[in-house]
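Q: Got a structure for you, questions after.
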Amino acid sequence: MKKKLKLLLLSCLINTIAFAQTSTKLTLEEAIQIALEKNFDVVIEKNSQQIGQINNNWGTAGLWPNITLNSTAGIASNNLEQQLANGTTIKRNGAILRNINAGLAVSWRVFDGMRMFATKKRLEELELMGELSFRRQLNATVFDVIAAYYQIVQLNQQKKALQETILFFEERKQIAESRFTIGTAPKTDFLQAQVDLNQQKGNLLVIENNIRVAKSNFNFLLARTPETSFDVQEAITTDAAVNFTSLQQKAQTDNYDLLMAQSNLSVLVQQKREVIAQRLPAVTLNGNFNLAQSRNDAGFTLFNRNLGPNGNIGLAIPIFQGGNIKRQERVADISIKNQQVVIDRLKNQVNTSLVNAYYNFQNANNLVDLEKSTLLLIQENNVIATERFRKLAITSIELRQVQIDYINGQTRYINALYMAKLAEAEMKLLAGDLRRL
């Protein structure tokens, strides 16, 4: 007997350990941290940001000189026949000619109408845009994680509520079955009760499948395998300290889409400066150090070598380029004006979205309070109706309606909580304040 008891306890312990290993509690903060490190879109944006950092240097802008080392070596076999002025005749077949050429060339554009400085400023803005794009992706990823996490919480709450509701449907079915058995109620009441119970069990299967799908999608956000098991917290809580005025101010200064649009405007301004620079002269310093050597087995010159430096200054003055510079400048002006309109539109759009999110947040919170109080009334009414049905005071159809009201009330309450949380997260997303990084 003791041996069986030990085996039973051991089996329970193993099952407990196995369950703990396969399903762990995952907090929202932990999920966000994992996503910020491993989310595929975050990693892609981080790599793009690094490209902007690499490109932002004076070499790319054109400040530094170009230094080139050239070298060639050649050999040739010639049939040579020469008659000199002094009457000497040289005739030789298979004469070998060897050539060696080497040179170090330096070209440095020391002035290009200040274009290189405009280019460097543009590269700095592009690097900033890469950083802003990366931070925008972080902010968006946090929002996606919050939305997906609380969707699972919402589905779990719906599952729990439906499981509780099914108990009422089972009780109704038992009462209807008992009344039919003793002959005090028609069979249709029992059949309808069974149909309604089966429908709720079917709804439970749907919710359980939705939970599995939601968890699979959530694991994708965290760059984990779809089958990774985890549990989430049980409640949805909103931030009672949300300050709309503060968020509205931040949205006009910290919204990442707006910051990127403003940075893009700076890029267009620098591009215009690069176009204007083409109107000015360009000065280039050129220097070379060359070695040219040839060795011939026959002929007038058997050996020749040239070695030494040379240099020059190049000056290029643009006179006429078919009106291309003027055309590019006009296009740049229009692009700058258009980008300013984009910024104004974006400011209005961000503010509109923020106001709408705040309206949704307020409305959802009001619905939470209303549905919570309504649900208490429905719960009490459900208990009373069940007892009245047991005492033959109401029909099966009347009890069915009360139970359906109970399901709908629970669904509205849970959905209102979820919508309030989404609206809260959206406000912080628009303000660039969802997660300070």
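Derivation of every value follows stated rules applied to the coordinates shown; laboratory data play no part. Note that the coordinates shown come from a computational prediction; the quantities given were computed from them, not determined experimentally. Glycine gets a Cβ as well: all are built from the backbone with ideal geometry, and neighbour counts include every protein chain shown.
Q: Shape call for the range 55-184 from the C-alpha gyration tensor, a ≥ b ≥ c root eigenvalues: rounded (a/c under 1.5), prolate (a/b greater than b/c) or oblate? List each step's numbers first, then the result.
A: Values: a/c = 12.02, a/b = 3.20, b/c = 3.76.
Since a/c reaches 1.5 but b/c is at least a/b, the shape of the range 55-184 is classed as oblate.
Q: While we're on this one: What's the Cα-based Rg to Rh of the range 306-437, Rh via Kirkwood?
A: 1.58
Q: If you don't mind, there's one more thing I want to ask. Between exposed trypsin sites (Lys or Arg not before Pro) in the chain, where DSSP calls loop and at most 11 other Cβ atoms lie within 10 Å, what's the longest gap?
A: Maximal segment without exposed cleavage sites: 1-390.
Q: Principal axis lengths of the range 95-169 from Cα atoms, whole Å, largest first?
A: Largest first, the range 95-169 extends 109, 46, 10 Å along its Cα principal axes.
Q: Ok, one more. Within the chain, which is the longest segment containing none of the GluC sites (Glu not before Pro) that sit in a DSSP loop and have at most 10 other Cβ atoms within 10 Å? Please report the intermediate quantities before stating the final value.
A: Details: sites that count: GLU227, GLU234.
After excluding every exposed loop site, the longest remaining stretch is 1-226.
Q: Tell me which aspartates and glutamates have Cα within less than 15 Å of LYS372's Cα, excluding those fewer than 8 residues away on the same chain?
A: Filter leaves GLU380, ASP405.
Q: Mind checking which helices in the chain clear 24 Å along their axis (Cα) and have mean Kyte-Doolittle hydropathy of 0.0 or more, DSSP H runs only?
A: Working: long enough: 2-22 (30 Å, 0.76); 115-182 (98 Å, -0.29); 187-221 (51 Å, -0.31); 256-277 (32 Å, 0.25); 324-390 (91 Å, -0.50); 396-430 (51 Å, -0.05).
Membrane-span-like by this rule: 2-22, 256-277.
Q: Aspartates and glutamates within cross-link reach of LYS428: Cα-Cα under 12 Å, excluding same-chain residues under 8 positions apart?
A: Here the aspartates and glutamates satisfying the reach criterion relative to LYS428 are ASP239, ASP254.
Q: Return, ordered by residue number, the residues of the range 197-212 whose backbone nitrogen is under 12 Å from a label point located 7 Å along Cα→Cβ of GLN233.
A: Within reach of a label on GLN233, which here means backbone N under 12 Å from a point 7 Å along Cα→Cβ, the range 197-212 contributes nothing.
Q: Separation between the TRP58 and GLN321 pseudo-spin-labels, each 7 Å from Cα along Cα→Cβ, expressed in nm?
A: 2.4 nm
Q: On to the next question. How big is the shadow of the Cα convex hull of the range 211-301, averaged over all directions, in nm²?
A: In nm², the orientation-averaged hull projection of the range 211-301 is 20.3.
Q: While we're looking at this one, here's another question. According to a simple spin-label model (label point 7 Å from Cα along Cα-to-Cβ), what is the distance in nm between PHE303 and GLU164?
A: A separation of 10.6 nm, rounded to one decimal place.
Q: With label points built 7 Å along Cα→Cβ from the Cα atoms of ASN348 and LYS91, find their separation and express it in nm.
A: That separation, rounded to one decimal, is 9.6 nm.
Q: Can I ask one more? Strictly over 26 Å apart at the Cα level, which of LYS159/LYS215; LYS38/LYS215; LYS46/LYS337 would you flag in this model?
A: On the way: LYS159/LYS215 14 Å; LYS38/LYS215 17 Å; LYS46/LYS337 31 Å.
The pairs that break the limit, which is 26 Å between Cα atoms, are LYS46/LYS337.
Q: Per DSSP H run of n ≥ 4, the term is -39500 (n - 2.57); total these for the chain, divide by its residue number, and report the mean residue ellipticity at 222 nm rounded to 500 deg cm²/dmol. Write down the numbers at each step before the final one.
A: Numbers: 10 runs with 290 residues, N = 437.
It comes out at -24000 deg cm²/dmol, rounded to the nearest 500.
Q: Could you tell me what a quarter of the Cα convex hull surface of the chain works out to, in nm² with one decimal place?
A: 46.0 nm²
Q: A further question on this structure: Determine which lysines satisfy two conditions relative to LYS391: a Cα distance under 18 Å, and not lying fewer than 8 residues away in the same chain.
A: Hits, sequence-local ones excluded: LYS173, LYS187.
Q: Any idea which of PHE180, TRP108, MET427 is furthest toward the positive side of the dipole for the chain, if Lys and Arg beta-carbons carry +1 and Asp and Glu beta-carbons -1?
A: Going by the Cα projections, it comes out as TRP108.
Q: Separation of the range 189-233 and the range 18-77 by C-alpha centroid, Å?
A: The range 189-233 and the range 18-77 have Cα centres spaced 40 Å from each other.
Q: Report the extension gain between LYS46 and THR225 in nm, rounded to one decimal, defined as 0.36 nm multiplied by the number of residues separating them, less their alpha carbon distance. Write out the running numbers ahead of the final one.
A: Numbers: separation 179, 0.36 × 179 = 64.44 nm, distance 2.19 nm.
Separation in residues times 0.36 nm, less the Cα-Cα distance, equals 62.3 nm.
Q: Output the antiparallel fraction of DSSP beta bridges having both residues in the chain, as a percent to the nearest 5.
A: Details: 45 of 47 bridges.
Of all bridge pairs located within the chain, approximately 95 percent are antiparallel.
Q: Next question, about the same structure. Report the net charge of residues surrounding ARG172, where surrounding means a beta-carbon distance below 12 angstrom and charges are Lys +1, Arg +1, Asp -1, Glu -1. Can you show the working numbers first?
A: Details: positive: LYS173, ARG179, ARG388, ARG390, ARG400; negative: GLU170, GLU171, GLU177, ASP189, ASP196, GLU387, GLU398.
Once positives and negatives cancel, what remains is -2.
Q: Can you compute the charge dipole magnitude of the chain about its Cα centre, using +1 on each Lys and Arg Cβ and -1 on each Asp and Glu Cβ, nothing else charged? Give it in debye, rounded to the nearest 20. Provide the component values of the computation, followed by the final result.
A: Values: 49 positive and 39 negative charges, 250 e Å.
Magnitude of the dipole: close to 1200 debye.
Q: Given the C-alpha atoms of the range 336-394, compute the convex hull and give its volume per residue in Å³.
A: Working: hull volume 4.3 nm³, N = 59.
Considering the Cα atoms of the range 336-394, their hull volume per residue is 73 Å³.
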